[in-house]
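Quick notes on the structure that follows.
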Amino acid sequence: LLLSAGCTSFNCTPLESLLGSDTNLIQFSYRLADNLVVRAMPPLMPRQDTLPILVTTFVDNNDLQQTSSLGRILQEQIASRLVQRGYTVREIKLGNTLHIEPKSGETILTRDLTQLKAEQQAQAILVGTIARTDKILYISARLINPTNNNILATDDYRLCMDKTIMAMFG
């Protein structure tokens, strides 16, 4: 029975190597997106082609110019979930309003959202940061109103780094 109980609740404990398991990043990303949608105040409006949600790459909390494979996959999976829930998500990688760094992704480096207002109409911009310790990640996500920089919703997580997540940091 104990051997079949392997789950992420044993990660970051002495039993991780025996009973721990990999984090399902898809489920994690979807839960994060779902929580932000539920918490958004005022509520987000689905099916608004003229008011999409922009989703940026999650960046290192200590250096907003740096990201990782994890930061890029969180961006992709959260965008997927928002579309699945009926929200319009604009593919910002095709635009010319954000700085794109090879092997880094698209980032709002200064967090000065006024840079987007003139060229991108959006009801919200999703931004996120990742802070890393030895075996723990702290992930924070925010939906921001681009017209006044007010935070519409937040979600924060403490995530144990299993071998799959560690590989995303090289």
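Of all residues in the stretch 32-44, those that are under 14 Å from Ile144 (Cα atoms) and not small (Gly, Ala, Ser) total 7. Considering the stretch 54-87, and only residues there that are in contact (Cβ under 8 Å) with a residue 40 or more places away in the chain and among the β-branched types (Val, Ile, Thr), the residue that is most open to solvent (accessible area, probe 1.4 Å) turns out to be Ile73.
Taking each residue of the stretch 25-53 that is under 17 Å from Ser140 (Cβ atoms) and looking for partners that are β-branched (Val, Ile, Thr) and in a helix (DSSP H, G or I) with beta-carbon atoms closer than 8 Å, six or more apart or interchain, yields Leu25/Ile73; Leu25/Thr164; Leu25/Ile165; Ser29/Ile73; Ser29/Ile78; Leu32/Ile78; Ala33/Ile78.
The values are calculated or read from the model by the stated rules, or taken from the named source; none is laboratory data. Worth saying up front: this structure is predicted, and the values here are computed from it rather than measured. Every residue, glycine as well, gets a Cβ built from its backbone with ideal geometry; the counts of neighbours run over all protein chains shown. To get the accessible areas, we keep the full protein, side chains included, count just its heavy atoms, and leave off ligands, DNA and RNA. Shrake-Rupley method; radii C 1.70, N 1.55, O 1.52, S 1.80 Å.
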